[in-house]
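The values are calculated or read from the model by the stated rules, or taken from the named source; none is laboratory data. Every value quoted in this text rests on a predicted model; they were computed, and no experiment measured them. Don't worry about glycine lacking a Cβ; one is built from the backbone with ideal geometry, like all the others, and counts go over all protein chains shown. We work out accessible area using only protein heavy atoms, side chains counted, and drop any ligands, DNA or RNA first. Shrake-Rupley method; radii C 1.70, N 1.55, O 1.52, S 1.80 Å.
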Amino acid sequence: MDDRTGNLSEMGFTESDKHLSGLNGEAIGKILFKSSDVVLIVDRDDNIIDASFLSDELFQGGGRNWRGKSLREIITSESLEKVNELLDAARKGKANQARQVNHPLPQAEDLPVSYQAAKLNEKGNVVLFGRSEGQVANLQRRLMSSQLAMEREVTKLRNFENRYRAAFQLSQLPKIIVDAGSLRILDINTSATSILGKTYEKLENKRILSLFDDEGSSILHKLLLAAIDNQHQKDAVIRLMSGELVNIRIVTFRQDGHSLLLLFFSPTTEPTAIINDTVDSKILSLFK
């Protein structure tokens, strides 16, 4: 089996003294400068005695003034323990994993930098070389912002749905929502279940035409087809199974790419009830 794991000593150079002994301080400095966004050299007291910056954001954000300062002055308090661990491991000659350290920047958010450390000499000097995680942090913030925005939109939709459900169910006029393709009932309010004499569970997903006798279902079928085809006639008087005559008016609308039909019922003794009810007029205006 291909083993791609190994410790830090196995993954480093095997003969660095042999191959790199000809490099002078200037050459090593150039290599570190090119390979890291920031390189800090600290003395045994953890004061910054030299620094180089490939990251303009870090340099302009305060790095130009770091030389001569204590390392602890340029990091956040939350990063202090991680820096101490890095420096202690480096001075003891131990391998260390990269640690994220945050630098407070004036008039900007803290900039995270991933540092590793290495012992520089027997005086206790240590070199810290880091990679800026600013772009990653920005992407994470943007992702978080997008997630929060999506959550707000979902909350708005849920609130709208709750308001719709309340208005739909509390309305005194019977209403049924029907799928235009299958003519099956998708939703029905309490007033409609009462007038039809059936529970919500028994009416949901049933074909609307099955709730009427032959004559009534024939009239309703023509009315539904006229509504689907956007023809002028969208209301009629139909007899229910109970024998009661009702006015039925149909409004077509679309939701999530599907054509739906909203059926309003009213007793024939109140032919104008559909448009006189304030709540129902507002609901109807949403679908026009």
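Summary of values
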| read-out | value |
| --- | --- |
| Filter result (touching a residue at least 60 places away in the same chain (Cβ under 8 Å) and open to solvent by less than 80 Å² (accessible area, probe 1.4 Å)) within segment 165-182 | Ala167, Phe168, Ser171, Leu173, Pro174, Lys175, Ile176, Ile177, Val178, Asp179, Ala180, Gly181 |
| Residue match in segment 69-77 (condition: open to solvent by 20 Å² or more (accessible area, probe 1.4 Å) and assigned to a loop (DSSP other than H, G, I, E, B)) | yes |
| Identity of the residue in segment 218-259, of a type in the set (Gly, Ala, Ser) and surrounded by 16 or more Cβ atoms within 10 Å (Cβ to Cβ), that ends up farthest from Thr193 (Cα to Cα) | Ala226 |
| Members of segment 36-64 that are of a type in the set (Phe, Trp, Tyr) and within 26 Å of Lys123 (Cβ to Cβ) | Phe53 |
| Test for Val154: is it farther than 17 Å from Ser36 by Cα, in contact with a Lys or Arg (Cβ under 9 Å, 6 or more places away or on another chain) and not in a strand (DSSP E or B) | no |
| Residue within segment 17-27 that is outside any loop (DSSP other than H, G, I, E, B), of a type in the set (Gly, Ala, Ser) and modelled with pLDDT of 90 or more present | no |
| Leu211 being closer than 17 Å to Phe265 by Cα, modelled with pLDDT of 80 or more and either surrounded by 13 or more Cβ atoms within 10 Å (Cβ to Cβ) or more than 42 Å from the chain's Cα centre (by Cα) (or both) | yes |
| Some residue of segment 78-95 being under 18 Å from Ser114 (Cβ atoms) and modelled with pLDDT under 55 | no |
| Residues satisfying the stated conditions in segment 180-196, i.e. in a strand (DSSP E or B) and over 16 Å from Ser266 (Cβ atoms) | Arg184, Ile185, Leu186, Asp187 |
| Any chance Glu201 is modelled with pLDDT of 80 or more, over 23 Å from Val237 (Cα atoms) and part of a helix (DSSP H, G or I) | yes |
| Tally of residues being assigned to a loop (DSSP other than H, G, I, E, B), free of Cβ contacts under 8 Å to residues at least 40 places away in the same chain and open to solvent by 70 Å² or more (accessible area, probe 1.4 Å) across segment 88-114 | 6 |
| Residues satisfying the stated conditions in segment 204-239, i.e. in contact with a Lys or Arg (Cβ under 8 Å, 6 or more places away or on another chain), of a type in the set (Lys, Arg) and not in a loop (DSSP other than H, G, I, E, B) | Arg207 |
| Asn125 being modelled with pLDDT under 85, over 31 Å from the mean Cα position of the chain (by Cα) and not hydroxyl-bearing (Ser, Thr, Tyr) | no |
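Let's see how each residue does on (1) open to solvent by less than 50 Å² (accessible area, probe 1.4 Å); (2) part of a helix (DSSP H, G or I):
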position: Val39; (1), (2): yes, no
position: Ile49; (1), (2): no, no
position: Leu58; (1), (2): yes, yes
position: Arg67; (1), (2): no, no
position: Asn84; (1), (2): no, yes
